[in-house]
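The values are calculated or read from the model by the stated rules, or taken from the named source; none is laboratory data. Fair warning: this is a prediction, and the values are worked out from it, not measured in the lab. Positions of Cβ are generated from backbone atoms using ideal geometry, with glycine treated the same way; all protein chains shown enter the neighbour counts. Note: accessible area is taken over every heavy atom of the protein model, side chains too, but ligands, DNA and RNA are not part of it. Shrake-Rupley method; radii C 1.70, N 1.55, O 1.52, S 1.80 Å.
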Amino acid sequence: MAGGGFAASSAGHEFEAKITPIVIISCIMAATGGLMFGYDVGVSGGVTSMSPFLKKFFPVVYRKTQDKGIDSNYCKYDNQGLQLFTSSLYLAGLTATFAASYTTRKFGRRPSMLIAGVFFIVGTILNAAAQDLAMLIIGRISLGCGVGFANQAVPLFLSEIAPTRIRGGLNILFQLNITIGILFANLVNYGTNKITGGWGWRVSLGLAGLPAGLLTLGALLVVETPNSLVERGLLEEGKAVLRRIRGTDNVEPEFLELVEASRIAKEVKHPFRNLLKRRNRPQLIIAVSMQIFQQFTGINAIMFYAPVLFNTLGFGSDAALYSAVITGAVNVLATVVSIYSVDKVGRRMLLLQAGVQMFLSQVVIAVILGLKVKDHSDNLHKGFAIFVVVLVCTYVAAFAWSWGPLGWLIPSETFPLETRSAGQSVTVCTNLLFTFVIAQGFLSMLCHFKFGIFLFFSGWVLIMSFFVLFLLPETKNIPIEEMTERVWKQHWLWKRFMDDYHIEGNQIAGDDGLKKNGHANGFDPVSQL
């Protein structure tokens, strides 16, 4: 065994939970969904900076990039079709999330990951073989459906299979693989841009088949989560899997709690409607807010269009791709920092520290660009160019150990079981909606705001940091089933939303009118909360 330990239960007991090889392997295989997502994010910015790709699919943009006098430095890539190529993936993912929520709840986490893998493979084939813009967009839509299913299933899978004390670190494997995927895409783009003959972009888009295949294989090999099996009535199978992943036969206390939580969840007939009830509003507000804020840090604008952005600032094509590789590498390394520190220093500390770092780096970038990069002239000398890359890396690093992984981790661990699948669906929908908004609007915003685009995003960073300071509770090392008692009921504001839970003798009632006797069925009020 890789290690051992105990995870606290919601009733105050300790569940025996070793860190078994099957947990580590399953989490690594599942998190390859992030690898595919990251590759799709990174590859689009690279190919849209390649002249052969632009010449074939976006000739108007190609002419702008070749004739420096046609448009300003900030506006030469401003094209709705070009932005649609990038953003269509996220709009499709938003739509697919609704089906993914049903599949994840009704059939389990593994089937959803398998469906995601199949969508990814189909999309990769269409993109690599694209002959016209329609075929290219259809391929991106297929990839987007894969993103919708993967983002729905993988964070839930990771949260449910991991022992409590390392839940944060294992969950961030998803985000780590996103950053590795982005770096891999940047490296591929840098290499394929040198291929003569103008077909390098096909290689870039086609190599997405590697992470797509890994996700599909992983979905076939991993175990289903005990939570999902119990939720679907497969109790003995759920107990057997629980023994395997915990590395012990002493799983009865944890299993009974899963069964009880599942029973309560099934009594909630309308999970989406239940999400809107007063007692679930804190989790819903925080989940939705974190997805909006994650996108308005501006990170996806930089990751989608890093080569395009560096080209705009006066870097040559090769230099732009090379700079994107550097920022991608920083992204990976900083995410490793998050895996190490998230369960030690806590979620709030990482978010607050990163807020200061991101705000300062964006403001300084805006000042440099405002002074040195004009509409039709570029005075960004080598020293300033290197400094801008350093500042972008500083910003990317801060995001990668904070809002990147924690934007997914915190919502996945705060919803109770009866609203978890619905809550994850809303989380993914919100994320993809605002990812689409940023992807579709960034190049136009860059054209109109110019260097002020960085001031725009820095203002949002300031707002979200105050949100964390006053409204986001710490969830470090707290079992999912214990969140209500130890987190929401202790918070200065959110405890006011918990007044619809009241205990009468040995009974507990919520605003759904359900009342169950604790002695008659071994019911623990704390696990209901």
### Task
For the range 90-106, enumerate the residues that are touching a residue at least 12 places away in the same chain (Cβ under 8 Å) and surrounded by fewer than 18 Cβ atoms within 10 Å (Cβ to Cβ).
95, 98, 99, 106
### Query
Quick one: is residue 155 closer than 12 Å to residue 27 by Cα and not aliphatic (A, V, I, L, M)?
yes
### Summary
Those residues of the range 380-410 that are polar (S, T, N, Q) and either in contact (Cβ under 8 Å) with a residue 60 or more places away in the chain or open to solvent by less than 10 Å² (accessible area, probe 1.4 Å) (or both) come to a total of 1
### Task
Look at residue 465 and say whether it is of a type in the set (S, T, N, Q), under 27 Å from residue 334 (Cα atoms), open to solvent by 10 Å² or more (accessible area, probe 1.4 Å) and in a helix (DSSP H, G or I).
yes
### Message
Cβ-Cβ under 8 Å, sequence separation 6+ or interchain: first residue in the range 273-288 and modelled with pLDDT under 85, partner acidic (Asp, Glu) and not in a helix (DSSP H, G or I). Which pairs?
### Response
274/512
### Message
Residues that are assigned to a helix (DSSP H, G or I), surrounded by 22 or more Cβ atoms within 10 Å (Cβ to Cβ) and of a type in the set (Gly, Ala, Ser): does the range 124-138 have at least one?
### Response
no
### Message
Considering only residues that are at pLDDT 90 or above and among the basic types (Lys, Arg), which ones fall in the range 192-218?
### Response
202
### Message
Can you tell me which condition residue 269 does not meet? The list is (1) out of contact with any helix residue (DSSP H, G or I) (no Cβ under 8 Å at 6 or more places or on another chain); (2) in a helix (DSSP H, G or I), and all the others hold.
### Response
(2)
### Unmet requirement for residue 434, which otherwise passes all of (1) in contact with a Gly (Cβ under 8 Å, 6 or more places away or on another chain); (2) open to solvent by 20 Å² or more (accessible area, probe 1.4 Å)
(1)
### Summary
residue 118 meets each of (1) surrounded by fewer than 24 Cβ atoms within 10 Å (Cβ to Cβ); (2) over 16 Å from residue 33 (Cα atoms); (3) of a type outside the set (Lys, Arg) with one exception, condition (2)
### Query
Looking at 76, 18, which one is over 30 Å from residue 112 (Cβ atoms) and either at pLDDT below 80 or touching a Leu at 6+ places or on another chain (Cβ under 7 Å) (or both)?
76
### Message
Test of understanding: among 104, 179, 192, 124, which residue is of a type in the set (S, T, N, Q), more than 23 Å from residue 332 (Cβ to Cβ) and out of contact with any Lys or Arg (no Cβ under 6 Å at 6 or more places or on another chain)?
### Response
104
### Query
Taking residue 159 and the conditions (1) open to solvent by 30 Å² or more (accessible area, probe 1.4 Å); (2) small (Gly, Ala, Ser); (3) touching a helix residue (DSSP H, G or I) at 6+ places or on another chain (Cβ under 9 Å), which numbered condition does it fall short on, given that it satisfies the others?
(1)
### Meets criteria (outside any helix (DSSP H, G or I) and out of contact with any strand residue (DSSP E or B) (no Cβ under 7 Å at 6 or more places or on another chain)) for residue 418
no
### Query
Does any residue of the range 468-482 turn out to be among the polar types (S, T, N, Q), in contact (Cβ under 8 Å) with a residue 60 or more places away in the chain, part of a helix (DSSP H, G or I) and surrounded by fewer than 22 Cβ atoms within 10 Å (Cβ to Cβ)?
no
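With the condition being among the aliphatic types (A, V, I, L, M) and touching a Lys or Arg at 6+ places or on another chain (Cβ under 9 Å), I'd like the helices (runs of 4 or more DSSP H) fully within the range 198-243 carrying at least 1 qualifying residues. Show your work before the answer.
Numbers: elements: 200-206, 209-221, 226-231.
Hits in the range 198-243: 209-221, 226-231.
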### Task
Determine whether the range 337-346 contains at least one residue that is in contact with a helix residue (DSSP H, G or I) (Cβ under 6 Å, 6 or more places away or on another chain) and part of a helix (DSSP H, G or I).
yes
## Note on the structure
Sole miss for residue 413 among (1) at pLDDT below 85; (2) open to solvent by 10 Å² or more (accessible area, probe 1.4 Å) is condition (2)
### Task
Go through the range 162-181 and count every residue that is in a helix (DSSP H, G or I) and either among the hydrophobic types (A, V, I, L, M, F, W, C) or out of contact with any helix residue (DSSP H, G or I) (no Cβ under 7 Å at 6 or more places or on another chain) (or both).
10
## Note on the structure
Checked pairs for the range 183-195, first touching a residue at least 60 places away in the same chain (Cβ under 8 Å) and open to solvent by 50 Å² or more (accessible area, probe 1.4 Å), second of a type in the set (Val, Ile, Thr) and assigned to a helix (DSSP H, G or I), C-beta under 7 Å and 6 or more apart or across chains, list as 187/325; 190/325
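Matching residues to (1) more than 30 Å from residue 492 (Cα to Cα); (2) of a type in the set (Val, Ile, Thr):
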| residue | (1), (2) |
| --- | --- |
| 232 | yes, no |
| 241 | yes, yes |
| 246 | yes, no |
| 250 | yes, no |
| 268 | no, yes |
| 271 | no, no |
| 277 | no, no |
| 290 | no, no |
### Task
Take the residues in the range 341-370 that are open to solvent by 10 Å² or more (accessible area, probe 1.4 Å) and of a type in the set (Lys, Arg), then tell me which one is modelled with the lowest pLDDT.
344
### Task
Go through the range 321-340 residue by residue and tally those that are open to solvent by less than 10 Å² (accessible area, probe 1.4 Å) and in contact with a Gly (Cβ under 9 Å, 6 or more places away or on another chain).
7
### Query
How do the pairs read when you match residues in the range 75-89 that are under 15 Å from residue 301 (Cα atoms) and open to solvent by 20 Å² or more (accessible area, probe 1.4 Å) with residues anywhere that are outside any helix (DSSP H, G or I) and modelled with pLDDT under 85, using Cβ under 8 Å and keeping only pairs 6 or more apart or on different chains?
78/71
